[in-house]
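Everything below concerns the one structure shown next.
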Amino acid sequence: MNYAALVSAVASYTENTFPTVDMNLFITQAEKRIYNTVQIPALRKNVTGITTASNKYLACPDDFLSSYSLAAIAPTTGAYTYLLNKDVNFIREAYPKPTTTGSPKYYALFGPAVASSVITTELTFLIGPTPDAAYSMELHYYYYPESIVTASTTWLGDNYDPVLLYGALVEAYTYMKGEQDMIGLYDGKYKEAMGQLKRLGDGLERQDAYRSGQARVPVT
């Protein structure tokens, strides 16, 4: 289901034509509810960056929401070392002097970078110990993919559109202040579709038949 088909379906189900700005809001709100409920592969992104010697901070990508992993790549050997995620206070306690340098072992989400009372970077990582050289860093992280509103097609629309349709219908019918029984019906359909998507994203895609055996229903 692409954007045009989704808009047409919502209008048909509700027997109402909405302004584009409102329809787009219904869809984007539904997407964010979905993306914060189930971890599908389309929410993963990978980027690389480089630390600066004697600089304990590393900028986060602008669309960063949370991390899956952060690895430092040794300048000479190219070997990967995955850093352990810790609190800022742990790193400050372990390395009380920021001038102490070495191979990165830990990282923490520090907060915005501010210069002259202006936020220059929304989020940064604190690295411990402070890097002693320029390390290539590979970050796997969680982000919101481009909305179907602007992309026209997305992984969610192509592979499991019921949850997107019913999520948008819940938003649209709430906006209409529709009858409670219909809101309940759409919400029930949304939760049913969400359960099936979680089975895929948080279940089937995290295992295989070799390791976990084939999915099966107990016989009673």
Inset, instruction - Exactly one condition in (1) surrounded by 11 or more Cβ atoms within 10 Å (Cβ to Cβ); (2) not in a strand (DSSP E or B) is not met by ALA113; state its number. - result: (2)
Inset, instruction - Would you mind stating whether ARG216 is part of a helix (DSSP H, G or I) and farther than 17 Å from LYS32 by Cα? - result: no
Legend entry - Checking SER103 against (1) out of contact with any Leu (no Cβ under 6 Å at 6 or more places or on another chain); (2) without any contact (Cβ under 8 Å) to a residue 40 or more places away in the chain; (3) of a type in the set (Ser, Thr, Tyr); (4) buried (at least 16 other Cβ atoms within 10 Å of the Cβ), the condition it does not meet: (4)
Inset, instruction - Looking at (1) acidic (Asp, Glu); (2) farther than 30 Å from PRO75 by Cβ; (3) outside any loop (DSSP other than H, G, I, E, B), find the lone condition where GLU138 falls short. - result: (2)
Legend entry - From TYR166, TYR190, TYR186, TYR210, residue being more than 14 Å from GLU15 (Cα to Cα), open to solvent by 80 Å² or more (accessible area, probe 1.4 Å), of a type in the set (Phe, Trp, Tyr) and in a helix (DSSP H, G or I): TYR210
Legend entry - Out of THR124, THR130, sole residue that is touching a Pro at 6+ places or on another chain (Cβ under 6 Å), within 30 Å of THR76 (Cα to Cα), surrounded by 13 or more Cβ atoms within 10 Å (Cβ to Cβ) and of a type in the set (Val, Ile, Thr): THR130
Inset, instruction - List the strands (runs of 3 or more DSSP E) that sit entirely inside region 1-86 and contain at least 2 residues that are without any contact (Cβ under 8 Å) to a residue 60 or more places away in the chain. - result: 80-82
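The values are calculated or read from the model by the stated rules, or taken from the named source; none is laboratory data. This one's a predicted model, so the numbers in the text were calculated from it and none came from an experiment. Heads up, the Cβs are rebuilt from the backbone with ideal geometry, glycines too, and the neighbour counts pull from every protein chain shown. Areas reflect the complete protein model, heavy atoms only, side chains present, ligands, DNA and RNA absent. Shrake-Rupley method; radii C 1.70, N 1.55, O 1.52, S 1.80 Å.
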